[in-house]
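To start, the structure under review is shown below, and the notes come after it.
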Amino acid sequence: MDRLPGFRDFYPEPLPHSDVWSADARQYIFDKWRAAARRYGFREYDGPPLEPLELFTTKSGEEIVGQLYNFTDKGRREIALRPEMTPTLARMVAAHERNYKKPIKWFAIPQLFRYERQQKGRLREHFQFNADIFGESDVAADAELIALLIDTLRSFGLTSKDFVIRLSSRNAWQSFYNDTLQKTAHKGANEYEFFQIIDKLERTDPSEAEKKLSALGFALADVNAFITAGKPTAELEAILTNLAARGLGDFVKVDYHVIRGLAYYTGVVFEAFDVKGEFRAIAGGGRYDNLVKLISAGKVNLPALGFGFGDVVLLELLKARDLLPKFDAKLDVFVLIEDENLRAPSLNLVHNLREAGHTVDYSLTPARPDKQFKRAQELNASFTVKLENASTVRVKNLVTRAEKTGSPDEAPRLLTDC
């Protein structure tokens with residue numbers, strides 16, 4: 001029986017086939033994400049993978065339903081697998097924000113699901129590092145979040161030669177939109193539709209983009225001139241100054257091609273791209289000051305911002321740059337049980353070594369000594385340990401071949417000394 005299209009099987013390394021994914025690489029990425037977030041003082045949260053469908057349509061409109069795994073459950077509730085984490089987070093924060101001092105700095109690593117066409121860098125499920133700040137309107141929070149994204153990417157060995165954060169502003173685009181409409185007095189304009197066109201501008205044929213923009217009262221030449229000028233707003237200047245003070249100025253540039261098509265963004269927006277342009281956006285985010293108010297039906301109003309950083313494109317980038325470590329299964333100790341009369345005390349030895357913090361394995365059933373030793377080598381064990389009798393243990397370093405003996409209670413120390 002095959003897995004569903006767009007979903008992944010994760011196997012321990014070495015991988016049995018090129019069509020499966022590495023559970024070791026996934027854990028490596030999760031560890032890096034968590035370590036970076038905690039260095040910045042972010043706390044981990046989580047939410048349910050199933051949510052009321054209304055949570056997502058409230059935020060993104062009915063058109064998102066076509067991209068979801070949604071169904072009616074046995075309680076006749078309309079529900080969906082989460083396609084993103086931000087609505088869940090906004091719901092959670094709105095419910096209990098009074099219990100937390102501001103600013104709230106939280107992160108999560110959810111698995112997300114979207115029913116859409118598979119393509120390079122995009123599957124129907126992925127894991128994502130989400131980091132968000134609530135309760136701070138100053139652009140210092142935007143700079144802090146972007147710095148976290150930069151340092152997370154750097155923790156994988158990536159440099160300014162590998163990636164760049166393209167920084168933009170919905171406020172700047174809103175001003176351009178309003179000023180143009182004031183000059184032209186065009187009646188066919190639609191703000192959401194305009195932002196969608198700009199979001200896809202780099203991937204759209206110029207003649208098609210010209211036609212779509214013209215229908216809304218805009219000229220492609222004016223749009224391109226605005227992007228090319230790239231004049232930073234005051235908020236963008238403040239962020240650039242903040243990041244430069246940290247020594248991170250080389251990782252960010254103003255680029256008004258970035259607009260983030262989602263309607264809920266309200267201010268600074270940004271996306272991370274590989275410098276060579278070989279992959280989709282690595283990460284993206286921005287400020288969404290109105291979402292908590294929308295989700296809570298006006299009961300709670302908190303400024304907010306965040307980013308999402310998926311594992312699929314990141315893995316492709318790390319492989320392309322040869323930055324994934326070699327995931328060798330490694331065992332600290334293999335306990336040899338050559339005398340079945342000593343199995344019970346050997347099991348006690350196994351347990352004590354594990355309690356001391358060592359990774360330990362042994363033969364579950366009786367086996368010849370040579371077969372047990374071969375298994376120790378297959379598991380890449382650093383040491384073998386065996387009871388020679390009830391009161392004597394022998395430790396052997398499989399790299400140096402050095403050996404030491406002592407009492408069973410001394411086994412953890414002998415591992416250090418041998």
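Values computed for the structure shown
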read-out: Number of the condition not met by Val312 [criteria: (1) at pLDDT below 95; (2) in contact with a strand residue (DSSP E or B) (Cβ under 8 Å, 6 or more places away or on another chain); (3) not hydroxyl-bearing (Ser, Thr, Tyr)]; value: (1)
read-out: Residue that is farthest from Gly230 (Cα to Cα), among those in the range 145-180 that are among the hydroxyl-bearing types (Ser, Thr, Tyr) and buried (at least 23 other Cβ atoms within 10 Å of the Cβ); value: Thr152
read-out: Out of Tyr69, Tyr100, sole residue that is closer than 28 Å to Phe10 by Cβ, modelled with pLDDT of 95 or more, aromatic (Phe, Trp, Tyr) and over 20 Å from the mean Cα position of the chain (by Cα); value: Tyr69
read-out: Failed criterion for Pro369 (all others in (1) out of contact with any Ser or Thr (no Cβ under 8 Å at 6 or more places or on another chain); (2) modelled with pLDDT under 95; (3) not aliphatic (A, V, I, L, M) hold); value: (2)
read-out: Qualifying residue in the range 315-338 (condition: over 37 Å from the mean Cα position of the chain (by Cα), at pLDDT 95 or above and not hydrophobic (A, V, I, L, M, F, W, C)); value: yes
read-out: Of all residues in the range 387-418 being of a type in the set (A, V, I, L, M) and assigned to a loop (DSSP other than H, G, I, E, B), the one that is surrounded by the fewest Cβ atoms within 10 Å (Cβ to Cβ); value: Val399
read-out: Selection within the range 11-45 - assigned to a strand (DSSP E or B), surrounded by 13 or more Cβ atoms within 10 Å (Cβ to Cβ) and under 14 Å from the mean Cα position of the chain (by Cα); value: none
read-out: Yes/no for Lys59 being surrounded by 13 or more Cβ atoms within 10 Å (Cβ to Cβ) and either part of a loop (DSSP other than H, G, I, E, B) or over 21 Å from the mean Cα position of the chain (by Cα) (or both); value: yes
read-out: Subset of the range 106-128 (residues that are of a type in the set (D, E, K, R) and either open to solvent by 50 Å² or more (accessible area, probe 1.4 Å) or under 15 Å from Phe30 (Cα atoms) (or both)); value: Arg117, Lys120, Arg122
read-out: Within the range 317-356, tally of residues that are in a loop (DSSP other than H, G, I, E, B) and within 30 Å of Arg280 (Cα to Cα); value: 8
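For every residue, the table says whether it meets (1) hydroxyl-bearing (Ser, Thr, Tyr); (2) open to solvent by 40 Å² or more (accessible area, probe 1.4 Å); (3) touching a Pro at 6+ places or on another chain (Cβ under 6 Å); (4) modelled with pLDDT under 95.
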site: Ser207; (1), (2), (3), (4): yes, yes, no, yes
site: Lys212; (1), (2), (3), (4): no, yes, no, yes
site: Lys231; (1), (2), (3), (4): no, yes, no, yes
site: Ile239; (1), (2), (3), (4): no, no, no, no
site: Leu248; (1), (2), (3), (4): no, no, no, no
site: Ala263; (1), (2), (3), (4): no, yes, no, yes
site: Val268; (1), (2), (3), (4): no, no, no, no
site: Val275; (1), (2), (3), (4): no, yes, no, no
site: Gly285; (1), (2), (3), (4): no, no, no, no
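The values are calculated or read from the model by the stated rules, or taken from the named source; none is laboratory data. For clarity, every value in this text was computed on a predicted model and none was experimentally measured. All Cβ positions, even for glycine, are placed from backbone atoms using ideal geometry, and neighbour counts span all protein chains on display. To get the accessible areas, we keep the full protein, side chains included, count just its heavy atoms, and leave off ligands, DNA and RNA. Shrake-Rupley method; radii C 1.70, N 1.55, O 1.52, S 1.80 Å.
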